[in-house]
Ligand SMILES: Cc1ncc(COP(=O)(O)O)c(C=O)c1O
């Protein structure tokens, strides 16, 4: 592996790891985390091993387990309760394939803030007899747990409440929503892609039965790799019908005569692991782990506070809540012409993104106060593009 970083590096102390900051102000970790020297070295290590040895099968399996263990560390969980997936979509599709949705308990309740893949997978289950119920936000953009409670009953099989929304930055009260769901006998899925790596998550304490995410964003890895934590005592009752040989109780049994899902959450793994993404994912997670998620969360909260103060001074309309318990690393700002605004910022060498009519600005461990100030200066110049 590449050289390990000194622990606790954050902000200016870690910036040199990420060459992108030599040329731009990068505020787009909600789309993709910045590439580090460490992750580049890990990918080169994978290429070097391929060159030198061809198939490094044992090492691939070891990387798969190293990633599983690293995710378990991130979530304060056990490795046996973590599935390694190739995407959130793959894991969640396997999850719902384990739910009998054609009987009395056939409803999937989803928040309006879910990522498209969650809504699309839920609606795909209509082909199997499911009904999908949407929980919409209040006029202030929040979705209080009572709104979920009103939508949940004994017909509910699954409740989906993303931890931090990709489209508003809103952070659900997952524990309170889970209480309502569990009282009705429903399972809870918290898609935590926009939180993991930037928000401290303790899988068991979060309250959901299933916590999923991936490595593209705040975990600083590449596309092609995700994870799904499942609550022990729950997953043993779930038998996915969408599966693959890496989910088998014995990968090397090579049997085509039966289906024997693994006793652990590995039953939600699928086929050949995404090897290059595993190298990158383990390396990305090591950067996050060395810095420490609680320290990252504190750092990010300070930057978000600074940004929200500046946006208030500018009179901008912010979709993300001011309340620090209801937000994470993502700030969404309404714009009159968001494409023009993203382009204007790009011309100022500031990389941000958009969803609907909103500018999305994401802060992470490598961002510093100057990044926020540079953005606020640019927004003041482009004030006409703010709603
Ligand atoms: C909240 C959330 N969930 C899921 C995804 C991606 O899902 P998948 O790994 O299936 O591509 C994203 C990516 O943007 C996301 O923001």
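The values are calculated or read from the model by the stated rules, or taken from the named source; none is laboratory data. Please read these numbers as outputs of a predicted model, since none were measured by experiment. No Cβ is skipped: glycine too gets one built from the backbone with ideal geometry, and neighbour counts run over all protein chains shown.
Here is how the numbers come out for the structure above:
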| read-out | value |
| --- | --- |
| Residues located in region 211-231, provided they are more than 16 Å from the ligand (Cβ to nearest atom) and within 24 Å of residue 63 (Cβ to Cβ) | 230 |
| Hits in region 320-343 (condition: buried (at least 17 other Cβ atoms within 10 Å of the Cβ) and out of contact with any helix residue (DSSP H, G or I) (no Cβ under 6 Å at 6 or more places or on another chain)) | 320, 321, 326, 327, 328, 330, 332, 333, 338, 342 |
| Residue among 160, 196 that is crowded, with 24+ Cβ neighbours inside 10 Å and either more than 16 Å from the ligand (Cβ to nearest atom) or farther than 23 Å from residue 293 by Cα (or both) | 160 |
| Residue check, residue 105 in a loop (DSSP other than H, G, I, E, B) and at pLDDT 95 or above | yes |
| Pick from region 82-99, criterion part of a helix (DSSP H, G or I) and more than 13 Å from the ligand (Cβ to nearest atom), ranking: farthest from residue 123 (Cα to Cα) | 97 |
| Residue that is farthest from the chain's Cα centre (by Cα), among those in region 10-31 that are within 16 Å of the ligand (Cβ to nearest atom) and within 17 Å of residue 299 (Cβ to Cβ) | 27 |
| Single residue of 69, 79 found to be surrounded by fewer than 16 Cβ atoms within 10 Å (Cβ to Cβ) and either within 16 Å of the ligand (Cβ to nearest atom) or within 23 Å of the chain's Cα centre (by Cα) (or both) | 69 |
| Residue selected from region 200-210 under the condition in a loop (DSSP other than H, G, I, E, B) and within 14 Å of the ligand (Cβ to nearest atom), by the criterion nearest to residue 98 (Cα to Cα) | 208 |
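Conditions (1) surrounded by fewer than 24 Cβ atoms within 10 Å (Cβ to Cβ); (2) at pLDDT below 95; (3) not in a helix (DSSP H, G or I), marked per residue:
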| site | (1), (2), (3) |
| --- | --- |
| 167 | yes, no, yes |
| 175 | yes, no, no |
| 179 | yes, no, no |
| 212 | no, no, yes |
| 223 | yes, no, yes |
| 228 | no, no, yes |
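Yes/no matrix, rows are residues, columns are (1) on the phi > 0 side of the Ramachandran plot; (2) within 12 Å of the chain's Cα centre (by Cα):
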{"site": "186", "(1), (2)": "no, no"}
{"site": "207", "(1), (2)": "yes, no"}
{"site": "216", "(1), (2)": "no, yes"}
{"site": "224", "(1), (2)": "yes, no"}
{"site": "228", "(1), (2)": "no, yes"}
